[in-house]
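The values are calculated or read from the model by the stated rules, or taken from the named source; none is laboratory data. Quick caveat: nothing in here was measured; it's all calculated off a predicted structure. Note: ideal-geometry Cβ built from the backbone for every residue, glycine included; neighbour counts use all protein chains shown. Side chains are part of the model used for accessible areas, which takes the heavy atoms of the whole protein and leaves out ligands, DNA and RNA. Shrake-Rupley method; radii C 1.70, N 1.55, O 1.52, S 1.80 Å.
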Amino acid sequence: NALREEGILVNQHESPYYPDYTRSMKRAHRRINECFPVCRVYQAHIPTYPSGHWLFGFASKGIDPLEAQLYRWERLGIETRYYNPELHRGAFALPNYVISELKDDA
């Protein structure tokens, strides 16, 4: 209720690699999914984190990170050395074992 209509929530979903972390990931995903109509999970590889494979949750009342953000970015015309829309889109492409774990708990 505290989140504005145009707001987003981003949280750590832990690592899908270790069983204890997988349970935390599934619990976080389930709870957020119960509260928000738009829920997505994305990943990053962070060598200093356990397993190096880390997940994050994105939630909102209506903003889809794969639709709205990409079009806004392209309109800005900013040139960067790292970020691009394909990298953004790719972060939301999850391995099959992660998809399976998240579906098992839906």
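Using the Cβ-Cβ distance between Ser24 and Arg81 with R0 set to 25 Å, the FRET efficiency from 1/(1 + (r/R0)^6) comes to roughly 0.15. Ligands, DNA and RNA left out, the 1.4 Å accessible surface of the chain is 51% carbon and sulfur atoms.
Per residue, the chain exposes 68 Å² of solvent-accessible protein surface, assessed with a 1.4 angstrom probe and all protein chains in place. If you plug the beta carbon distance of Arg31 and Arg72 into 1/(1 + (r/R0)^6) with R0 = 22 Å, you get a FRET efficiency near 0.20. Restricting the chain to trypsin sites (Lys or Arg not before Pro) that sit in a DSSP loop and have at most 16 other Cβ atoms within 10 Å of their own Cβ leaves Arg4, Lys61, Arg81. The overall shape of the chain is oblate: from the C-alpha gyration tensor, with semi-axes ordered a ≥ b ≥ c, the ratio a/c is 1.5 or greater and a/b is no larger than b/c. Here the sum of -39500 (n - 2.57) over DSSP H runs of 4 or more residues, divided by the residues of the chain, equals -12000 deg cm²/dmol at 222 nm, to the nearest 500. The GluC sites (Glu not before Pro) found in region 2-32 that occupy coil by DSSP, while having at most 15 further C-beta atoms within 10 Å, are Glu5, Glu6. Restricting region 54-106 to GluC sites (Glu not before Pro) that sit in a DSSP loop and have at most 16 other Cβ atoms within 10 Å of their own Cβ leaves Glu67, Glu79.
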